[in-house]
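Student: First the structure, which I've put down as structure tokens, then a few questions once you've had a look.
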Protein chains: 2
Amino acid sequence: MATLKDVAALAGVSVKTVSNVVNGYAFVKPENRRRVEEALVTTGYRPNLGARNLRRGRTGFVALVLPELVVPYFAELAGLVLGAAQEHEWNVLIEQTLGTREGERDTLASLGPHMIDGAIVSPEALQARDFGELAPGIPVVMLGEHSVDLPMDHVGIDNVEAARAAVAHLVGLGRTRIAAIGAHPHRGTAAQRLEGYRLALTEAGLPVRDELVATALNYHRRDGAEAMTRLLAAAEPPDAVFCFNDLLAVGAVRAAVERGLRVPADVAVVGFDNTEEGAYSLPSLTTVAPDKAAIARAAVDLLRRRVEDPERPPEHVRTPFSLEVRESTRGDA
Amino acid sequence: MATLKDVAALAGVSVKTVSNVVNGYAFVKPENRRRVEEALVTTGYRPNLGARNLRRGRTGFVALVLPELVVPYFAELAGLVLGAAQEHEWNVLIEQTLGTREGERDTLASLGPHMIDGAIVSPEALQARDFGELAPGIPVVMLGEHSVDLPMDHVGIDNVEAARAAVAHLVGLGRTRIAAIGAHPHRGTAAQRLEGYRLALTEAGLPVRDELVATALNYHRRDGAEAMTRLLAAAEPPDAVFCFNDLLAVGAVRAAVERGLRVPADVAVVGFDNTEEGAYSLPSLTTVAPDKAAIARAAVDLLRRRVEDPERPPEHVRTPFSLEVRESTRGDA
DNA sequence: CATCGTTGATACAACGTTGTAAAGCGGTCG
DNA sequence: CGACCGCTTTACAACGTTGTATCAACGATG
């Protein structure tokens, strides 16, 4: 591997002059610049980023900390963050926490204060406030969970509003026994979506029944199917279900169909996340569609600004969402 | 951020002694060791990996280069590679090439010979042999494409055999007009799966008809739907389809259903990759199931061995696969 | 008692890069 | 003609870590 020293020797100049050429320093005699550039090519020089970063104090790496890549929402988001980071010449280190508190702690602890310039974190089990302690001094942007009182940068949609819109849509279809799947004891976003659900019901003059709220400890397809099965076993089963993510919805649809029900005729289903999978499933899923590209862009941008100025006041960015109405709530499925 | 120097000052020993304690060097007086360990805790010392790696020549990073994370197969695989790498104390840097030749070139070039100890690459557009030129000296393990003549480590299933098994299954159901979706001018795996398809047909005494082989330039759901639509528009439409991945299969199923056909009664569908999505779709997908965990483990393991001994002869690891039979080819959907 | 090996600690250099300070050069101005 | 300025280049130190060499103290061995 060629180093600056090798290039300098070949071009007959000092190491620093080569460094200057590489970094675009203005005052280099054209003759020398030419010679150096030639030497750069013939040696195939590539800067040693480790050394450069040691000197500069920046590493050029950001961590993206998320629960699991098998969840399409996170996979899609990760892809977009990768793209957005690339534009800022950042490399992205993806860490999976598997949603456990330990996983999230270990990840942040082992990441260390050195190898990354900052982190974009999608917390699940871990309380947001833990991050300040675990990763002191590391610029962190939070995704998803919305806790205005915390002094951290944050990007996300208005979960209460989004859930409300989704349930209002079901109300508009004339459904009266509307269930929710995805309640969770510790997840902030779950609490918010549940609140939106309750709000929408109350506004429509419908009762909020506890037996129509199903808990899901994970947000996988299996959990959606299990929750739906429980709901359908009740004396008065729901005629509509609002699921807190698309995977739960896919599982719920499958469970309903396996019991011989028609979607949406017998039970309408709404998901959340607008994953591609939901657009092609049978029936295709009506879903809350957050602007994932906007989230990715905002997160990377926020992180960049935070790295540049650690003292700036924390910012909360609300990204837009829309409701994508498809077959799972439309008549013509 | 505390450095070795700070810890040394606090403990009243030299920097090197602290380094020795940190690295588990045996001969340190118990008294000093105690003092150092205490100082390590109170300062909250974390090693600067950049500096350590600069010195050691290893970085502790591996790159995972793949087309796109929105493709569930790659997302699932990435998750497994992350886990396997963690066991070897490697951090994983995920790079998306978007399947373009430029993307793959740029990625490898920019990764540089310095920041990573090695790379696990799932090539798509790029020819395998280009890698030797682009990333000279970087240990690389290839995934998926199987080209025995290349002197590189490689992990993958036997694509010809797998495709043959899938098509043989359709033959066994009594289907006679079996189509294939996913032919591709440049992809090695596509060629192999096509070969397996042809083999199975020939073995069954069925003709191989060109009009039943549909090309797909990408392997997304949309491409599967489009290809299926083309196939169904023919004078004699197929009664079964073998798709080269699950996404194509999902799209194909959707297109068939939209035209009023029943799956599998009118047309049976087989996918490839055994993504979770296919297990929950309606109907659930019969699919070729590669052992993804085995692939991930083998790839990381191969890379570790290659890093340790760059001179060892290249190895080709065949991982097992099975055929997961589900509703899309079974009667009871 | 000289020699040796073991245990324990340290100084120094080096990894490859870049910021700082400074110096060499030529020209212009007072 | 000396001072000063702008351009160009360089030597040096430093980022934080670890390998090598060295040194000191000590007990055991010949």
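The values are calculated or read from the model by the stated rules, or taken from the named source; none is laboratory data. Everything numeric here is computed off the predicted structure, so don't read it as measured data. With ideal geometry, Cβ positions are generated from the backbone for all residues, glycine too; neighbour counts draw on all protein chains shown. What goes into the accessible areas is simple: the full protein's heavy atoms, side chains included, and nothing from ligands, DNA or RNA. Shrake-Rupley method; radii C 1.70, N 1.55, O 1.52, S 1.80 Å.
Student: Among the residues of the stretch B:292-307 satisfying the criterion of being in contact (Cβ under 8 Å) with a residue 40 or more places away in the chain and under 30 Å from B:V253 (Cβ atoms), which is surrounded by the fewest Cβ atoms within 10 Å (Cβ to Cβ)?
Tutor: Looking at residues that are in contact (Cβ under 8 Å) with a residue 40 or more places away in the chain and under 30 Å from B:V253 (Cβ atoms), I get B:A293.
Student: Which of the residues that make up the stretch A:233-285 are without any contact (Cβ under 8 Å) to a residue 60 or more places away in the chain and aromatic (F, W, Y)?
Tutor: A:Y280, the sole residue that qualifies.
Student: Return the residues of the stretch A:177-204 that are over 18 Å from A:S328 (Cβ atoms) and among the hydroxyl-bearing types (S, T, Y); say none if nothing qualifies.
Tutor: Within the stretch A:177-204, the first condition is being over 18 Å from A:S328 (Cβ atoms), and the residues that meet it are A:183-192, A:194-196, A:198-199, A:201-204.
Answer for the stretch A:177-204, where residues must be over 18 Å from A:S328 (Cβ atoms) and among the hydroxyl-bearing types (S, T, Y): A:T189, A:T202.
Student: Which numbered condition trips up A:T229, out of (1) open to solvent by 10 Å² or more (accessible area, probe 1.4 Å); (2) out of contact with any helix residue (DSSP H, G or I) (no Cβ under 6 Å at 6 or more places or on another chain)?
Tutor: Result: A:T229 fails condition (2) only.
Student: Among the residues of the stretch A:46-87, what is the count of those that are under 14 Å from the mean Cα position of the chain (by Cα) and small (G, A, S)?
Tutor: Counting residues in the stretch A:46-87 that are under 14 Å from the mean Cα position of the chain (by Cα) and small (G, A, S) gives 7.
Student: Does the stretch B:204-225 include one or more residues that are of a type in the set (D, E, K, R) and closer than 26 Å to A:R222 by Cβ? Outline the logic, then answer.
Tutor: Step one: filter the stretch B:204-225 for residues of a type in the set (D, E, K, R), giving B:209-211, B:221-223.
Adding the requirement that they be closer than 26 Å to A:R222 by Cβ leaves B:221.
Within the stretch B:204-225 (the criterion being of a type in the set (D, E, K, R) and closer than 26 Å to A:R222 by Cβ), the answer is yes, since at least one residue qualifies.
Student: Still on this model: As an exercise: evaluate A:T43 against (1) more than 9 Å from DNA strand C (Cβ to nearest atom); (2) under 30 Å from A:I138 (Cβ atoms); (3) not assigned by TED's automatic domain parsing to the domain that holds A:T107 and give the number of the one condition it does not meet.
Tutor: Here A:T43 clears every test but (2).
Student: Restricting attention to the stretch A:93-113, which residues are at pLDDT 70 or above and within 9 Å of chain B (Cβ to nearest Cβ)?
Tutor: A:L93, A:I94, A:E95, A:Q96, A:L98 - these are the residues of the stretch A:93-113 that are at pLDDT 70 or above and within 9 Å of chain B (Cβ to nearest Cβ).
Student: May I pose another question? Is it true that A:A265 is surrounded by fewer than 24 Cβ atoms within 10 Å (Cβ to Cβ) and out of contact with any helix residue (DSSP H, G or I) (no Cβ under 9 Å at 6 or more places or on another chain)?
Tutor: Against the criterion (surrounded by fewer than 24 Cβ atoms within 10 Å (Cβ to Cβ) and out of contact with any helix residue (DSSP H, G or I) (no Cβ under 9 Å at 6 or more places or on another chain)), A:A265 qualifies.
Student: Looking at the stretch B:116-147, which of its residues are at pLDDT 80 or above, over 13 Å from B:T189 (Cβ atoms) and aliphatic (A, V, I, L, M)? Give the derivation first.
Tutor: Kept after step one, since they are at pLDDT 80 or above, are these residues of the stretch B:116-147: B:116-123, B:138-144.
With over 13 Å from B:T189 (Cβ atoms) added as a condition, the list becomes B:116-121, B:138-141.
Result: B:I116, B:A119, B:I120, B:V121, B:I138, B:V140, B:V141.
This table checks each residue for (1) β-branched (V, I, T); (2) within 24 Å of B:S284 (Cβ to Cβ).
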{"residue": "A:H220", "(1), (2)": "no, yes"}
{"residue": "A:A225", "(1), (2)": "no, yes"}
{"residue": "A:T229", "(1), (2)": "yes, yes"}
{"residue": "A:R254", "(1), (2)": "no, yes"}
{"residue": "A:G271", "(1), (2)": "no, yes"}
{"residue": "A:A289", "(1), (2)": "no, no"}
{"residue": "A:R297", "(1), (2)": "no, no"}
{"residue": "A:E308", "(1), (2)": "no, no"}
{"residue": "A:P320", "(1), (2)": "no, no"}
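Student: List the strands (runs of 3 or more DSSP E) inside the stretch A:210-320, counting only whole elements, that have at least 1 residues being over 20 Å from A:D158 (Cβ atoms). Steps first, answer last, please.
Tutor: Working: elements: A:213-215, A:240-243, A:268-272, A:286-290, A:316-318.
Those strands (runs of 3 or more DSSP E) span A:213-215, A:240-243, A:268-272.
Student: Within the stretch A:163-221, can you find the residues that are β-branched (V, I, T), buried (at least 20 other Cβ atoms within 10 Å of the Cβ) and touching a strand residue (DSSP E or B) at 6+ places or on another chain (Cβ under 6 Å)?
Tutor: Just the residues of the stretch A:163-221 that are β-branched (V, I, T), to begin with: A:167, A:171, A:176, A:178, A:181, A:189, A:202, A:208, A:213, A:215.
If we keep only those that are buried (at least 20 other Cβ atoms within 10 Å of the Cβ) too, we end up with A:167, A:178, A:181, A:189.
Matches in the stretch A:163-221: A:V167, A:I178, A:I181.
Student: Where residues in the stretch B:49-64 are touching a Gly at 6+ places or on another chain (Cβ under 8 Å) and assigned to a strand (DSSP E or B), which of them is nearest to the other protein chains (Cβ to nearest Cβ)?
Tutor: B:A63
Condition check ((1) surrounded by fewer than 22 Cβ atoms within 10 Å (Cβ to Cβ); (2) modelled with pLDDT of 90 or more; (3) within 16 Å of DNA strand D (Cβ to nearest atom)) across all residues:
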| position | (1), (2), (3) |
| --- | --- |
| B:T59 | no, no, yes |
| B:V71 | no, yes, no |
| B:A78 | no, yes, no |
| B:H88 | yes, no, no |
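Student: If you take the residues of the stretch A:15-40 that are among the hydroxyl-bearing types (S, T, Y) and near DNA strand C (Cβ under 9 Å from one of its atoms), which of them is farthest from the other protein chains (Cβ to nearest Cβ)? Quick ask: steps written out before the conclusion?
Tutor: Within the stretch A:15-40, the first condition is being among the hydroxyl-bearing types (S, T, Y), and the residues that meet it are A:17, A:19, A:25.
Subset that is near DNA strand C (Cβ under 9 Å from one of its atoms): A:19, A:25.
Details: A:S19: 16, A:Y25: 21 Å.
Filtering the stretch A:15-40 for residues that are among the hydroxyl-bearing types (S, T, Y) and near DNA strand C (Cβ under 9 Å from one of its atoms), the one farthest from the other protein chains (Cβ to nearest Cβ) comes out as A:Y25.
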